[in-house]
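Asker: Handing you this structure, nothing more for now.
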Amino acid sequence: MNYEPVIGLEVHVELATASKMFCRCSADYFGKEPNTHTCPVCLGLPGALPVANKKAIEWCVAIGLALSCEIPLSSKFDRKNYFYPDLPKGYQISQYDMPFCVNGSLTLKNGRKITIQRVHMEEDTAKLTHTTVDGAKVSLVDFNRSGVPLVEIVTAPDFENSEEVVEYLKKLQQLVRYLGVSNADLEKGDMRLEPNVSLRKASQVSKDLPSYKVELKNINSFKFAQKAIEYEVKRQAEILDSKKTPLQETRGWNESSQSTVSQRSKEEAHDYRYFPEPDIPPLNWHEAQIKKLKLSMQELPAAKLKRFQKDYEVRDQDVELLTRQREIADFFEEAVKVGLKYNISSKAIANFIINKKVDFSKTLPAGLIKNIVNSAKTQAFDDEKLEKIVEKVLSENQQAVFDYQKGKTAVIMFLIGQVQKEAKGAADPAQVKAILIEKLKPNR
Ligand code: ZN
Ligand code: MN
């Protein structure tokens, strides 16, 4: 290809705080009766005043810290003005020139560092549903989502292809889940992705950005993100080949047509008439507060991975699997603790977790260790060894054999019992029964 993709990413993550960003309404709105999580503040009624959610701000900063951002000691909220039915105040409270977190980075597997320009705090909008009621086409507004804390994470246009974007997204999702600040479920809209894509000539010496960019919306899976970016790269290349410049616009991914579709021309920042939010005073941190936040943070995936590699005798690719989710990592470590008492190695535990696909919602670490102990016992009886025991039991119980062959098949339970006695209860009963039936067939 004659062009190289220039890709940046805006990700919105909804925080899982108990209450909304600027009022006391419950932020747990998913699947709830429409317009039941509302109050004058999040309905934008005149005279209602916002009060910022401290926890949400701390969590926003935690995300910034996890992305190696600097945390400026002064910050403020701003109004982003635009008119849309899902925005009752006519503006969104967001952050413009003084976001909570700036200048971070996230390093990809190939060693390339993606710059995080900013991580800022804002509020979610209401949700519109376009439908038909009594034969009329209507748009319904549900304000339950209005004012739910939303963190926006913006990268520099540092990605060179869609694979890098997907890797970054997975890492980011893992990070916020580790921090425990968001479910980051794409299907529920907890995490929303907006890649921006443009192309520059591969032969271009200066790394100047192209004169346009296309923002992609309506992407609710990592797979769609990849497909939309790849489609866009091809589409733009064709336009550039014909000596034209692609339009600066927002395009939505259409899964049924497997293509991007023009939605609207893209606004510039000045269209939003940003100005400081007069109802919320500027915010100032003390260094000590940031330090305390840092200390209270969960161990992050990269650090956990390194520690596991150092502390446990587990293969590198298994460490990767074990640390992918915090719940699995915690489970593993707890199981290792219990396993010590039974002389079970961390390696055996890792193998068991990875190969047996343990259901973590139904199993406790101690239960897992019990399973490992039992299966070790069972495995000790390979077929050959078990057959010998069965033969011994049969020769010592001729009367039972005779009875069985005369049709008193219930006697097999007695024989299974005798075999188990011999095997000290460690044989698999189903396997014992199968061998017995085979051996009890007359005149073999
Ligand atoms: Zn409210
Ligand atoms: Mn935003």
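Asker: How do the peptides 11-20, 392-401 rank, highest first, by the average count of neighbouring beta carbon atoms within 10 Å per residue? Each step should come with its number before you reach the end.
Answerer: Working: 11-20: 21.0, 392-401: 14.5.
Packing order, densest peptide first, comes out as 11-20, 392-401.
Asker: Can you work out the Karplus-derived ³J(HN,Hα) for every residue in the stretch 197-204? Use 6.51 cos²θ - 1.76 cosθ + 1.60 with θ = phi - 60°, whole Hz, and x for glycine or proline.
Answerer: 10, 8, 10, 10, 4, 5, 7, 4
Asker: Rounded to the nearest 500, what is the 222 nm mean residue ellipticity of the chain from helices alone, with -39500 (n - 2.57) per DSSP H run of 4+ residues and division by all residues? Spell out each step's value before the answer.
Answerer: Details: 13 runs with 168 residues, N = 444.
Taken over the chain, the calculation gives -12000 deg cm²/dmol.
Asker: If you take the C-alpha gyration tensor of the stretch 1-121, multiply each eigenvalue by 5 and take the square root, what semi-axes do you get, largest first, in whole Å? Present the calculation step by step, with values, prior to reporting the outcome.
Answerer: Working: eigenvalues 194, 61, 48 Å².
Those come to 31, 17, 16 Å.
Asker: Mind jotting down the three principal axis lengths of the stretch 276-372 based on Cα atoms? Whole angstrom, largest first.
Answerer: The principal-axis extents, from largest down, are 61, 29, 25 Å.
Asker: Would you mind getting the Kirkwood hydrodynamic radius of the stretch 189-234 from its Cα pairs, rounded to one decimal in Å? It would help to have the intermediate numbers written out before the result.
Answerer: On the way: mean 1/r = 0.0837 Å⁻¹.
11.9 Å is the Kirkwood radius here.
Asker: Going Cα to Cα from Lys370, which aspartates and glutamates come in below 19 Å? Please leave out same-chain ones fewer than 8 positions away.
Answerer: Hits, sequence-local ones excluded: Asp330, Glu333, Glu334, Asp359, Asp428.
Asker: Stokes-Einstein D for the stretch 98-257 at 10 °C, 1.306 mPa s, Kirkwood Rh over Cα pairs, in µm²/s?
Answerer: On the way: Rh = 17.9 Å.
In µm²/s, the coefficient is 89.
Asker: Also: Residue by residue through the stretch 332-349, what is 3J(HN,Hα) from phi via Karplus (6.51 cos²θ - 1.76 cosθ + 1.60, θ = phi - 60°)? Round to whole Hz and write x for glycine and proline.
Answerer: 4, 5, 5, 5, 4, 4, 5, x, 3, 5, 10, 6, 9, 6, 4, 5, 4, 5
Asker: For each pair in Lys80/Lys304; Lys109/Lys223; Lys171/Lys217; Lys171/Lys292, compute the distance between the two Cα atoms and list the pairs where it is over 28 Å. Don't skip to the end; give the middle numbers.
Answerer: Numbers: Lys80/Lys304 39 Å; Lys109/Lys223 19 Å; Lys171/Lys217 20 Å; Lys171/Lys292 24 Å.
Lys80/Lys304, as the Cα separations exceed 28 Å there.
Asker: So in the chain, which Cys have no other cysteine's beta-carbon sitting under 4.7 angstrom from theirs?
Answerer: Cys23, Cys25, Cys39, Cys42, Cys60
Asker: Of the accessible area of the stretch 137-279, with the probe set at 1.4 angstrom, what percent is carbon plus sulfur?
Answerer: On the way: 3410 of 6960 Å².
Ligands and nucleic acids excluded, carbon and sulfur reach 49 percent.
Asker: Also, I was wondering about something else. Sort Lys408, Lys127, Lys341 by accessible area with a 1.4 Å probe, largest first.
Answerer: Numbers: Lys408 130, Lys127 100, Lys341 165 Å².
Result of the area sort, largest leading: Lys341, Lys408, Lys127.
Asker: While we're here: Students often check this: by mean Cβ neighbours within 10 Å, which of 135-142, 166-173 ranks highest, and how do the rest follow? Let's see the in-between values first.
Answerer: On the way: 135-142: 11.2, 166-173: 19.1.
Ranked from most to least packed, the peptides come out as 166-173, 135-142.
Asker: Go ahead and set up a Gaussian network model of the chain, Cα springs under 10 Å, then flag whichever of Gly407, Gly31, Gly417 fluctuates most.
Answerer: Looking only at Gly407, Gly31, Gly417, the largest GNM fluctuation is found for Gly407.
Asker: Could I ask something else about it? Taking a threshold of 20 Å on the Cα-Cα distance, which of the pairs Lys392/Lys421; Lys188/Lys356; Lys213/Lys244 fall above it? Don't jump to the answer; show the numbers that get you there.
Answerer: On the way: Lys392/Lys421 12 Å; Lys188/Lys356 30 Å; Lys213/Lys244 14 Å.
Pairs exceeding 20 Å: Lys188/Lys356.
Asker: Would you mind calculating the relative contact order of the chain from Cα pairs under 8 angstrom and at least 6 residues apart, reporting the percent as a whole number?
Answerer: Details: 746 pairs, mean separation 67.0, N = 444.
Reported relative contact order: 15 percent.
Asker: In whole Å, what are the extents of the stretch 98-160 along the principal axes defined by its C-alpha atoms, from largest to smallest?
Answerer: Largest first, the stretch 98-160 extends 57, 28, 16 Å along its Cα principal axes.
Asker: Sticking with this structure for a sec: Alpha carbon centre of the stretch 285-354 versus the stretch 183-262: separation in Å?
Answerer: So the two Cα centres are separated by 37 Å.
Asker: Direction-averaged shadow area of the convex hull around the Cα atoms of the stretch 315-444, nm²?
Answerer: Values: hull surface 40.1 nm².
Result: a mean projected hull area of 10.0 nm².
Asker: Probe radius 1.4 Å, ligands and nucleic acids left out: which of Phe352, Phe360 has the largest accessible area, and how do the rest follow? Could the numbers behind the result be given before it?
Answerer: Working: Phe352 35, Phe360 70 Å².
Largest to smallest exposure gives the sequence Phe360, Phe352.
Asker: Further, regarding this structure: Can you work out ³J(HN,Hα) from phi for every residue in the stretch 61-74, in order, using Karplus 6.51 cos²θ - 1.76 cosθ + 1.60 and θ = phi - 60°, giving whole Hz and x for Gly and Pro?
Answerer: So the J values, rounded to whole Hz, are 5, 4, 4, x, 5, 5, 9, 6, 7, 7, 10, x, 6, 10.
Asker: Taking the solvent-accessible surface of protein heavy atoms with a 1.4 Å probe, what is the per residue accessible area of the stretch 113-166 in Å²? Write out the running numbers ahead of the final one.
Answerer: Working: 2180 Å² over 54 residues.
So the stretch 113-166 comes to 40 Å² accessible per residue, rounded to a whole number.
Asker: Here's another thing I want to ask about it. Largest first, how would Glu238, Glu232 line up by accessible area (1.4 Å probe)?
Answerer: Numbers: Glu238 120, Glu232 0 Å².
Accessible-area ranking of Glu238, Glu232, largest first: Glu238, Glu232.
Asker: Averaged per residue, what accessible area in Å² does the stretch 292-424 show with a 1.4 Å probe, protein chains only? Don't skip to the answer; put the middle values down first.
Answerer: Working: 8730 Å² over 133 residues.
Normalised by residue count, the accessible surface of the stretch 292-424 is 66 Å².
Asker: Looking only at Cα atoms, what is the convex hull volume of the chain per residue, in Å³? Before the final figure, lay out each step's value.
Answerer: Values: hull volume 115.5 nm³, N = 444.
Here the figure is 260 Å³ per residue.
The values are calculated or read from the model by the stated rules, or taken from the named source; none is laboratory data. What you see is a predicted model, and the numbers here were worked out from it, not measured in a lab. A quick note on method: Cβ atoms are made from the backbone with ideal geometry, for glycine too, and the neighbour counts reach across all protein chains shown. Areas reflect the complete protein model, heavy atoms only, side chains present, ligands, DNA and RNA absent. Shrake-Rupley method; radii C 1.70, N 1.55, O 1.52, S 1.80 Å.
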